[in-house]
Amino acid sequence: MNAKNNNSDSFRFGDENHPLRGDHWDDEPRKKKRGGALGGLVLFGRIVMGLGIVGFVGMVIAVVGAFIYMRSLEPELPDYTTLESYQPKVTTRIHAGDGTLVAEFARERRLFVPAESIPDTVKQAFISAEDKTFYEHSGIYWMGIPRAAWNSFKAMREGAPLQGASTITQQVAKNFLLTSDQRIERKVKEAIIARRMEKAFTKDHILELYLNEIYLGNRSYGVAAAALAYFDKPLSEIEPHEAAYLATLAKAPANYHPVYNESRAVERRNWILGQMWENGYLTDEDLEYFRAQPLGAELLPPLGARSAALEYFAEEVRRDISGRYGSDALYDGGLSVRTTIDPVMQEKAQRAFREGLTEYDMRHGWRGPLTTLALPDDLTARTEVEREGEESQFLWTLSLEQAQKALLADRSVARDLTPWRLAVVLETTAAVAEIGFLDGTRGSITLPNLSWAKQFIQMNELGPDVESVTDVLAIGDVILAEPIEGDTSYALRQIPAANGGMLAMDPHTGRILAMVGGFSFGMSEFNRATQAWRQPGSTFKPFIYAAALDSGYTPSSIVLDAPFVAPGLDGTWYKPGNYVQDRFYGDSTLRLGIEKSRNTMTARLAQDLGIGRIIEYAERMGVSDKLPRNLSISLGAGETTLVRLTAAYAQFVNGGKQIKPTIIDRIQDRQGETIYAIDDRACFGCNVEGWDEQPEPDLPDDRSQVIDPRTAFQMVSIMEGVIERGTGTKIRELYLDEPLPPIAGKTGTTNDYRDAWFVGFSPDLAVGVFVGYDLPATLGNGEGGGNVAAPIFGRFMKDALVTEDVVPFRAPSGIRLVRVNARTGRPATAGDPNTILEAFKAEDDIYGRSNRFRGDGNQQSPDTDEEIDSDLGVIY
């Protein structure tokens, strides 16, 4: 074939015989047009088939790739089977003796509730809000994935967080086992774990995990804690609209805050109620009713004590539990602690202590305002120029409100000082001061309500009487005010400079029923009832006299009250004096030594008994275990704490049985198993269905006998006289219009009036009161136990015993009551007006030499408190 032939198909312009020219051009195309529709379908089919093959291959590749990718994540997946034995961090709850909640301690406020105990209403609310197909899907809600993907795509373009179609199961996987980072890898892991969880666990178990772990704001984790935090209700009492609000909090709790975002919270709650209706959980009537309900949610107080009055006690329990089991058990262990505290008695004790301490402080004058602020000029001018007209009055009122908010906003008062309020003085006249509060309200303090506020110069010196309000207050003074009448009348107050503590105890068991560790826990957490070691003063004397009664003395034994001198350990001379210096009363009965708190009598008696015996008694009764071997301890020169001293006194009234102060009755773990009980005695016959005329169970009394029960009763009888005739008569004065109940006790005052005590009891209640400066200093002349502490004791006992049946002190066998002369201790004669019933032991010879002080002394006791020559009866 030649070159021409080889190029015969080449197109040359003007070659009309070429197939692509002229008539030959249309021959083949015409044939194709005749088969065009069928050919297009074939071509389309081929394209679809090709795409299908490509898609199938791509899907296979994607599935294989996803499978390989998921297999590559296997080593990184956490072990979901650990959720089978889920042990969440659970709040430790402290309960009072009557079961009421005292305090909560936790890092995360949570109460675990098993699925079967979670009300259906709560389950329905959360399922309707978060995952309405929860009981149908197998861990993943496939229908929601496209929507979530599209939303996530838009979110990525906008730089917003990714959105997911997470089911409740996926949320459990994320909350327990994964992080919350917005990554595809985490979502894949979440889906894998969710699918596996659905195969391993029941739906109820998964829902149980979710409802107990989810954070719902206000430091509350889980629905049970949230029910208490927002509605102060147990979970079993939650209503549908309340459950719907809890479900609202599952998404961003801060966005639906019950106070700051109430309207948004109600809107979301009502939407969830609508979802519950759509899912068939509510009827039409239910929906209408519950949507009309107010939100009703409030914020629970912070973790810790539930009441300001209980803060010292709650802190004492916290320290005990932490020391016993460690901080992890305290904050995460979910312990249930039943304590000894009586909330009603605690409120009474705090009130009595505060009132008594405030009265003492007011006797020593006004130390000035908390601070003084510079108020706006138009406020200060108010006292100089009488404003006229509505406009100027409006301007003054506006300045008033601005001043209150601006000047007081950065100041606060401890919440346990309520009902005292922080105020600023806005206007003063001779008769009244107008004051303003942070909330914009106003009040007034009249002259009679601050007349106590004489200027404090020094502890025993005050300024002149207050004759005008302006003598005390000036404009801009920041003060504390206590409401007294109506809505606007207030009294001037100040925080006492002195402090102290108070305890109430069951004398038969040592259970502490009330504990006041100071005037304000918010200002000082130091617990003066348990942590302050102070000299007990004359409250130590009963232990010396108890030792004497056990050594053959009787309450009528005569001891000389006269100057006393004894050698000290350091080569000096110990020369105690009586409360009133240079006054001595000669021969006096043992009873009078306690009733009148005679120092020289006590020192002389202690010398006769021997210091070793006295220390042995004090240690046996728990007063102290570190007393110095010095005769000065007979007058309270050693140190003890209020809780120790109160427990020691309780042993007098309980018949001489040893007790230990306790604040915890029982501790249970999160499963309800008792892991500690203060009373571990076996009680056969205690756990019965009901009473069927069987006898009461016989519980053994395993308390040790620390002193003779007859001696204990004699001391009780003697200390009754302290209130009837002795240094505690301030207590008797509180009962002028009613009979004095059976109460007894002893005052105590240390050198220079640095410590004031009163410790005493009724037949079933022991109470101790201490007042003093934290850094020991004088309380002021005459401010001893009888004037400072005894009135607090009396005020509390009058309030605390009002509902109790009055029973006398219980006398043991072997005691005989003899009518004697109260002054001489001798058997009373007919017509003797000054008589009392004295308690003697059966073997006591009330006429013989056992009634005489054996060291010396024949001085006859006068019938009155007449002084004798101070040179008589000195013993070296």
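The values are calculated or read from the model by the stated rules, or taken from the named source; none is laboratory data. Because the structure is a prediction, the values reported are computed rather than measured. Here Cβ is always computed from backbone atoms with ideal geometry, including for glycine, and neighbour counts include all displayed protein chains.
Where residues in segment 709-741 are of a type in the set (Ser, Thr, Tyr) and within 11 Å of PRO555 (Cβ to Cβ), which of them is surrounded by the most Cβ atoms within 10 Å (Cβ to Cβ)?
Residue satisfying both the conditions and the ranking: THR711.
Criterion first (out of contact with any Lys or Arg (no Cβ under 6 Å at 6 or more places or on another chain) and of a type outside the set (A, V, I, L, M)) does PRO555 satisfy it? So PRO555 does not fit the description; no.
Screening PHE761 on (1) farther than 20 Å from ALA839 by Cβ; (2) of a type in the set (Phe, Trp, Tyr); (3) in the same structural domain as ASN599 (by TED's automatic domain parsing) shows it passes everything except condition (1).
Residue count for segment 331-371, restricted to those that are closer than 10 Å to ALA514 by Cβ, part of a loop (DSSP other than H, G, I, E, B) and hydrophobic (A, V, I, L, M, F, W, C): 1.
Quickly run through segment 625-654 and pick out the residues that are touching a Lys or Arg at 6+ places or on another chain (Cβ under 7 Å) and surrounded by fewer than 21 Cβ atoms within 10 Å (Cβ to Cβ). Once the filter is applied, which keeps residues that are touching a Lys or Arg at 6+ places or on another chain (Cβ under 7 Å) and surrounded by fewer than 21 Cβ atoms within 10 Å (Cβ to Cβ), segment 625-654 yields only GLU639.
For segment 628-669, a tally of residues being within 25 Å of VAL716 (Cβ to Cβ) and in contact (Cβ under 8 Å) with a residue 40 or more places away in the chain returns 27. Could you tell me whether ASP587 is touching a residue at least 12 places away in the same chain (Cβ under 8 Å) and not small (Gly, Ala, Ser)? Taking the combined requirement at face value, the residue satisfies it. Against the definition (in contact with a helix residue (DSSP H, G or I) (Cβ under 6 Å, 6 or more places away or on another chain) and either under 20 Å from PRO812 (Cβ atoms) or of a type outside the set (Val, Ile, Thr) (or both)), how does LEU642 come out, yes or no? The answer is no for LEU642.
Here's the yes/no breakdown for (1) in the same structural domain as ALA800 (by TED's automatic domain parsing); (2) among the β-branched types (Val, Ile, Thr); (3) in contact (Cβ under 8 Å) with a residue 40 or more places away in the chain:
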site	(1), (2), (3)
ASN499	no, no, yes
VAL516	yes, yes, yes
GLU525	yes, no, yes
ALA529	yes, no, yes
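The residues in segment 457-474 that are more than 19 Å from THR446 (Cβ to Cβ), not acidic (Asp, Glu) and not in a loop (DSSP other than H, G, I, E, B) can be counted, and the count is 3.
Take ILE659 and decide whether it is at pLDDT 95 or above, more than 15 Å from ALA546 (Cα to Cα) and touching a strand residue (DSSP E or B) at 6+ places or on another chain (Cβ under 9 Å). Give the steps one after another, and end with the answer.
Numbers: at pLDDT 95 or above: yes; more than 15 Å from ALA546 (Cα to Cα): yes; touching a strand residue (DSSP E or B) at 6+ places or on another chain (Cβ under 9 Å): yes.
Spelling it out, ILE659 is indeed at pLDDT 95 or above, more than 15 Å from ALA546 (Cα to Cα) and touching a strand residue (DSSP E or B) at 6+ places or on another chain (Cβ under 9 Å).
For segment 679-693, the count of residues that are in contact with a Leu (Cβ under 8 Å, 6 or more places away or on another chain) and at pLDDT below 90 is nonzero. Looking across ALA546, ALA562, one residue alone is buried (at least 23 other Cβ atoms within 10 Å of the Cβ), farther than 30 Å from HIS95 by Cβ and either modelled with pLDDT under 95 or touching an Asp or Glu at 6+ places or on another chain (Cβ under 7 Å) (or both). It is ALA562.
All of (1) assigned to a loop (DSSP other than H, G, I, E, B); (2) surrounded by 12 or more Cβ atoms within 10 Å (Cβ to Cβ) hold for ASN687 with one exception: (2). The number of residues in segment 224-251 being over 16 Å from ALA106 (Cα atoms) and assigned to a helix (DSSP H, G or I) comes to 15. When segment 742-790 is limited to residues that are part of a loop (DSSP other than H, G, I, E, B) and among the β-branched types (Val, Ile, Thr), the one that is surrounded by the fewest Cβ atoms within 10 Å (Cβ to Cβ) turns out to be THR778.
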